[in-house]
Amino acid sequence: MELTMVAGWLNATLAGFDLAIFAGLHGLAEAAGWFFTPFFMLVSLFAEKGIGLFLVSAVLMLFKNTRKAGLCMFLAVLCGAVITNLVLKDLIARPRPFADEAGAIYGWWMFVGSPIETSFSFPSGHTTATMAAMAGLFLCLRSKARWLCFIPVALMGLSRSYLMVHYPSDVIAGVLAGAAGAGVAYLLVRALYRYFESHPENLICSFALGFDVRGKRSDTTT
């Protein structure tokens, strides 16, 4: 297929960077056999269509103390999906790394089980979703342990390039897109909670602020 101007520029400009990381990951795959492959496939599966991330956010929204974080995660994944899946992927139309059957990456992709991906490559949707969710959670937490939120992001990005389904530059772009989605979601949630807190007499606002699945619903009107 004929490349778009941006896709052609990405492939030409970042070829050395992407290929060097791919070669290192293939070397790791060869040295470890199939040791890492099932693990990275499982990591990737968690963010497939954002389902695992949506489930985590839904659980957090069941509890009063974590509802804001859960809502921010949920909206961040949605915002990231809009940026990546609805805009950038089709606009840039970068083919997957394994699309060239004559290239070395195709053989490396076959080596790790040739996982099938049918959409365009740039940016990485899995990485976007994971970064959006984890950055949204990070922004809502205040403990020092919140930095641990970025461990799943690193694992997701590594898994996508290890499986040869995304260029490392796709992953970096996904991190940036996810961060943007999280920023938008955080501002939306802050505005929403200001509205809730200024209208405690409203049944929906009171429910959003006070409901807890454990039955510990507080009276927000007092």
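The values are calculated or read from the model by the stated rules, or taken from the named source; none is laboratory data. Note that this is a predicted model, so its numbers are computed, not measured. All Cβ positions, even for glycine, are placed from backbone atoms using ideal geometry, and neighbour counts span all protein chains on display. Calculation scope for accessible area: heavy atoms of the full protein, side chains included, ligands and nucleic acids excluded. Shrake-Rupley method; radii C 1.70, N 1.55, O 1.52, S 1.80 Å.
Determine the share of the stretch 145-222's accessible area contributed by carbon and sulfur atoms, expressed in whole percent, with a 1.4 angstrom probe.
Taking all protein chains in place, the stretch 145-222 shows 70 percent carbon and sulfur surface.
List the chymotrypsin sites (Phe, Trp or Tyr not before Pro) in the stretch 34-98 that DSSP assigns to loop (not H, G, I, E or B) and whose Cβ has at most 14 other Cβ atoms within 10 Å. Which are they?
Sparse-neighbourhood loop chymotrypsin sites (Phe, Trp or Tyr not before Pro): TRP34, PHE35.
For the chain, modelled as a Gaussian network with Cα springs under 10 Å, which listed residue fluctuates most, TYR195, TYR106, TYR167?
Comparing TYR195, TYR106, TYR167 in a Gaussian network model of the chain, the most mobile one is TYR195.
Can you send over the carbon and sulfur percentage of the accessible area for the stretch 28-81, probe radius 1.4 Å, protein chains only?
The nonpolar share, carbon plus sulfur, comes to 79 percent.
Suppose all protein chains stay in the model; what accessible area per residue would a 1.4 Å probe give for the stretch 126-222, in Å²?
49 Å²
Taking only protein heavy atoms and a 1.4 Å probe, what accessible area per residue, in Å², does the stretch 1-43 have with all protein chains in place?
64 Å²
Please give me, ordered by residue number, the GluC sites (Glu not before Pro) of the stretch 117-222 that lie in loop per DSSP and have at most 10 other Cβ atoms within 10 Å.
Taking the stretch 117-222 and a limit of 10 other Cβ atoms within 10 Å, the loop GluC sites (Glu not before Pro) found are GLU201.
Calculate the translational D of the chain in whole µm² s⁻¹ from Stokes-Einstein, where the hydrodynamic radius comes from the Kirkwood formula applied to all Cα pairs, the temperature is 4 °C and the viscosity 1.567 mPa s.
In µm²/s, the coefficient is 69.
Which listed residue (CYS72, SER169, ALA23) has the Cα farthest towards the positive end of the charge dipole for the chain, taking +1 on Lys and Arg C-beta and -1 on Asp and Glu C-beta about the Cα centre?
Comparing the listed Cα positions along the dipole, CYS72 ranks first.
Based on the alpha-carbon gyration tensor of the stretch 172-215 and its eigenvalue square roots a ≥ b ≥ c, which shape applies: rounded if a/c is under 1.5, prolate if not and a/b is larger than b/c, or oblate?
Oblate, since a/c reaches 1.5 and b/c is not below a/b.
Specify the inter-centroid distance of the stretch 60-96 and the stretch 1-17, based on alpha-carbon positions, in whole Å.
The stretch 60-96 and the stretch 1-17 have Cα centres spaced 26 Å from each other.
So, with +1 on the Cβ of K and R and -1 on the Cβ of D and E, and no other charges, what is the size of the charge dipole of the stretch 77-222 about its Cα centre, to the nearest 20 debye?
Rounded to the nearest 20 debye, it is 500 debye.
Which FRET efficiency value, to the nearest 0.05, do you get for SER119 and ALA15 by plugging their Cβ-Cβ distance into 1/(1 + (r/R0)^6) with R0 = 25 Å?
It comes to 0.70.
Among all lysine pairs in the chain that are eight or more places apart or on different chains, how many have alpha carbons less than 29 angstrom apart?
Step by step, the pairs that qualify in the chain add up to 8.
Given Cα pairs under 8 Å that are at least 6 residues apart, what percent is the relative contact order of the chain?
This gives 26 percent for the chain.
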